[in-house]
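In what follows, a single structure is set out as structure tokens and then discussed.
The values are calculated or read from the model by the stated rules, or taken from the named source; none is laboratory data. Being a predicted model, the structure only gives us computed values, none of them experimental. Every residue, glycine as well, gets a Cβ built from its backbone with ideal geometry; the counts of neighbours run over all protein chains shown.
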Amino acid sequence: MTNSFGAGARLFHWLVVLLVLVQIPAGIAMIAPALEQGSIDRLFILHKGLGVVLLVVVLARVLWRLTHAVPPMSEAIPELERRIATTVHWVIYAVLVVVAGSGYVHVVGGGSPIEVMDALGLPTLLPLMPEVASWASLVHRFSTFLLMALVAVHVAEVLRHHLVLRDETLSRMWPPLGGGSAGPPPKQSPGEGLGDVEPR
């Protein structure tokens, strides 16, 4: 059995990564005090629209995860570390849902439109509820900070496995499409590679 994820899981994973990489900077930039109102409005529209897309994609990702077998991690990884990694993955999924869901409640419950949904003729499904929207805003901000911390830990662990332990952890999900050709870099003996290095 292969240790690499299939094309569906990879597509969902990197689509979520791409959306988060756009959403977090856009969310930070749109509250920058020096930004002109026109730019703030455009960023807000982008942030709201992609937030809905992110929520749908994450829910679809969780459904995919629940209905498809997960390739096993390397037996060389200690069992406790494997359990922790699995738990962290599920926590990231949960926090992603909270981040996107609370943002949706904040916007719709506060009476603001979501332009992409209006353009598609989709109902917002929530009534006007300013007090709940205010609380949702707080949840949205703090859960975003938590998401950033979890993602930082996740990336650091993947890099540790790839660059220090030199195992196949990164190739389980990379490249985004295809069969996982990005294996660990070759081990070098002490002193090797300190001279001339040929470009790849």
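Results, tabulated for the structure shown:
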read-out	value
Residue selected from the stretch 111-131 under the condition out of contact with any Ser or Thr (no Cβ under 7 Å at 6 or more places or on another chain) and crowded, with 16+ Cβ neighbours inside 10 Å, by the criterion modelled with the highest pLDDT	Val116
Verdict on Ser74 being in contact (Cβ under 8 Å) with a residue 40 or more places away in the chain, assigned to a helix (DSSP H, G or I) and among the hydroxyl-bearing types (Ser, Thr, Tyr)	no
The stretch 20-52, residues that are under 21 Å from Val151 (Cβ atoms), aliphatic (A, V, I, L, M) and touching a residue at least 60 places away in the same chain (Cβ under 8 Å)	Val20, Ile24, Val52
Number of the exception - Phe5 against (1) in a helix (DSSP H, G or I); (2) in contact with a helix residue (DSSP H, G or I) (Cβ under 6 Å, 6 or more places away or on another chain)	(1)
Test: Pro33 is at pLDDT 90 or above and either surrounded by fewer than 18 Cβ atoms within 10 Å (Cβ to Cβ) or assigned to a loop (DSSP other than H, G, I, E, B) (or both)	no
Matching residues in the stretch 94-151 - criterion: being outside any helix (DSSP H, G or I), polar (S, T, N, Q) and under 21 Å from Ala60 (Cα atoms)	Thr124
Unmet requirement for Leu46, which otherwise passes all of (1) modelled with pLDDT of 90 or more; (2) farther than 28 Å from Leu177 by Cβ	(2)
Which numbered condition Gln23 fails, given (1) polar (S, T, N, Q); (2) surrounded by 14 or more Cβ atoms within 10 Å (Cβ to Cβ); (3) more than 30 Å from Ser112 (Cα to Cα)	(3)
